[in-house]
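Asker: I'd like to ask some things about the structure below.
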Amino acid sequence: MSAMTEHAHPPAPQSTTLTLTVDGKATVLTVAELSAMPQKAVTVHNEHTKIDETYSGVLLGDLLEKYGLPADQAHHRTALRSYIVAEGTDKYWVVYSVAEVEASAHNADVIVATSMDGKPLGADGQLKLIDSADKKPHRWVRNLTAITVKSAD
């Protein structure tokens, strides 16, 4: 057996739903439900593939607001002390501060993508987290399956 085969990992299961947990309350969203929400298109340069890619999906800040994390001034301190853990089906996970995904506080777009160049995502599962500001896709999460909001308090 070659060294390459010994360390090869089986492909991760494809993501088909997103479990969004805000304030301890979990909501399971399907691709169809996410696709029916207002969409945002972002064009990013993928440093791994060396090409520009255009993804469409729901702004993560909009999702958080819709499911229990208001972006108004009264909740400003809570948002500044909260963070998000986004996880793929392969158990790869990343962290964002809530301020990084909230449009009123940050210029970048972080989306839960359901398509790339107008087509389903394919090998990356049906859902993928994309950040328009990251220079490298280290915090993009393919096969996205869960997003949980936590407090640093």
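Asker: In the stretch 63-80, which residues are farther than 14 Å from Glu100 by Cβ, assigned to a helix (DSSP H, G or I) and at pLDDT below 80?
Answerer: Gln73, Ala74, His75, His76, Arg77, Thr78, listed by residue number.
Asker: Taking the residues in the stretch 11-29 that are free of Cβ contacts under 8 Å to residues at least 60 places away in the same chain and farther than 17 Å from Val141 by Cα as candidates, determine which candidate is least open to solvent (accessible area, probe 1.4 Å).
Answerer: Thr27
Asker: In the stretch 139-153, how many are modelled with pLDDT of 90 or more and surrounded by fewer than 16 Cβ atoms within 10 Å (Cβ to Cβ)?
Answerer: Of the residues in the stretch 139-153, 1 are modelled with pLDDT of 90 or more and surrounded by fewer than 16 Cβ atoms within 10 Å (Cβ to Cβ).
Asker: So which residues in the stretch 41-73 are open to solvent by 70 Å² or more (accessible area, probe 1.4 Å) and touching a Ser or Thr at 6+ places or on another chain (Cβ under 7 Å)?
Answerer: Hits for the stretch 41-73 are Thr43, Asp52.
Asker: Out of (1) without any contact (Cβ under 8 Å) to a residue 60 or more places away in the chain; (2) under 18 Å from Thr27 (Cβ atoms), the odd one out for Trp93 is which?
Answerer: For Trp93, the exception is condition (2).
Asker: Could you tell me how many of the residues in the stretch 101-136 are open to solvent by 30 Å² or more (accessible area, probe 1.4 Å), touching a helix residue (DSSP H, G or I) at 6+ places or on another chain (Cβ under 6 Å) and among the acidic types (Asp, Glu)?
Answerer: Qualifying residue count for the region: 1.
Asker: Considering only residues of the stretch 83-97 that are at negative phi and outside any strand (DSSP E or B), which is surrounded by the fewest Cβ atoms within 10 Å (Cβ to Cβ)?
Answerer: Within the stretch 83-97, the match that is surrounded by the fewest Cβ atoms within 10 Å (Cβ to Cβ) is Tyr92.
The values are calculated or read from the model by the stated rules, or taken from the named source; none is laboratory data. The shown structure was predicted, so the numbers you read here are calculated from the model rather than taken from an experiment. Positions of Cβ are generated from backbone atoms using ideal geometry, with glycine treated the same way; all protein chains shown enter the neighbour counts. All accessible areas refer to the heavy atoms of the entire protein, side chains included, with ligands and DNA or RNA removed. Shrake-Rupley method; radii C 1.70, N 1.55, O 1.52, S 1.80 Å.
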